[in-house]
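To start, the structure under review is shown below, and the notes come after it.
The values are calculated or read from the model by the stated rules, or taken from the named source; none is laboratory data. Computed from a predicted structure; not experimentally measured. Here the Cβ positions follow ideal geometry from the backbone for every residue, glycine too, while neighbour counts run over all protein chains shown.
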Amino acid sequence: MYSLASFSISDMTECASELRKLGAGATSAQNVAQRIASYLYQQLGNDQTGRQDCVLVRCFLTRPYRDLDPQSQDCARRALACGPGSLDMKCLTLFGTAGEKSEWNERHRSRRYRSIPLDDKQVLFQFPMVSQLLQQLGVDFTSKMQSKSDPLVDQTEHALDLFHVPEAKGSPFLPAQEEFVIPFGIESVLGFGGVFPSKEFFTVILFSKQKISRETAELFKPLAKSVTLALLSFDGRGSKRSIYPVEGQPGRR
């Protein structure tokens, strides 16, 4: 296990190597993302006590609304006042999840965070953490109709940076203080991400019971490359079959 209290360069190197391998034999992006979330949840912790450092680990990928499964489309529509303006509307969609509670280990049991439209300012206002995450990662959705080009393509030509909330308690970016942050002992939140050739991107978010310093957070930047490589074979638009296998369809697990 790798402790977030003493995460080192050698830990980062070993962890990066293991993350790269998680795409081997996978059948879908969802399959890989779940492996990534589960691996980080299980491996970040204390070897002596066996205690995990994270309460929850989640892996999100962006996808156009048209490529989402029906339940994810329903979640995105509920966040919008007037429904999707375009089938190409970009959504940040939950692909992998692992955590302390049983329902945090199955993506289909997430209601609010299963799929979040990204190009609607009113929607992002409802999700301050996601809004701040996009800002810190360097993705700027200033206007749905800013230009004829895709704002995601325009803003993610570079590698994404880090999302880091060193003090979770009292943070305006984590509004669920009484329901989540305080009762589960969340001390810090860390997110890292990467961009695929298709210009879709991913982000992995760690909700940690350990304080995460900026120095430790910086060591997670190289892990983004490993996650990118693990997911790369499932990159591409309009490939619904490769995005959602049978376990992502209604009534299947």
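Observations, loosely collected:
- Among the residues here, Ser10 qualifies as at pLDDT 95 or above, of a type in the set (S, T, N, Q) and farther than 16 Å from Thr97 by Cβ.
- Residues of region 46-60 satisfying the condition of being outside any strand (DSSP E or B) and out of contact with any Gly (no Cβ under 7 Å at 6 or more places or on another chain): Asn46, Asp47, Gln48, Thr49, Gly50
- So Arg63, is it in a helix (DSSP H, G or I) and either basic (Lys, Arg) or closer than 21 Å to Ser198 by Cα (or both): no
- Flag if Asp88 is acidic (Asp, Glu) and modelled with pLDDT under 90: no
- Residue tally, condition surrounded by 15 or more Cβ atoms within 10 Å (Cβ to Cβ), of a type outside the set (Val, Ile, Thr) and assigned to a loop (DSSP other than H, G, I, E, B), over region 199-228: 7
Residue-by-condition table, conditions (1) over 21 Å from Val189 (Cβ atoms); (2) among the hydroxyl-bearing types (Ser, Thr, Tyr); (3) modelled with pLDDT under 90; (4) assigned to a helix (DSSP H, G or I):
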site: Arg77; (1), (2), (3), (4): yes, no, no, yes
site: Thr93; (1), (2), (3), (4): no, yes, no, no
site: Asp119; (1), (2), (3), (4): yes, no, yes, no
site: Gln135; (1), (2), (3), (4): no, no, yes, yes
site: Met145; (1), (2), (3), (4): yes, no, yes, no
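- Thr97 satisfies every condition listed in (1) in a loop (DSSP other than H, G, I, E, B); (2) modelled with pLDDT of 85 or more except (1).
- Residue within region 36-45 that is in a loop (DSSP other than H, G, I, E, B), touching a Leu at 6+ places or on another chain (Cβ under 8 Å) and not hydroxyl-bearing (Ser, Thr, Tyr) present: no
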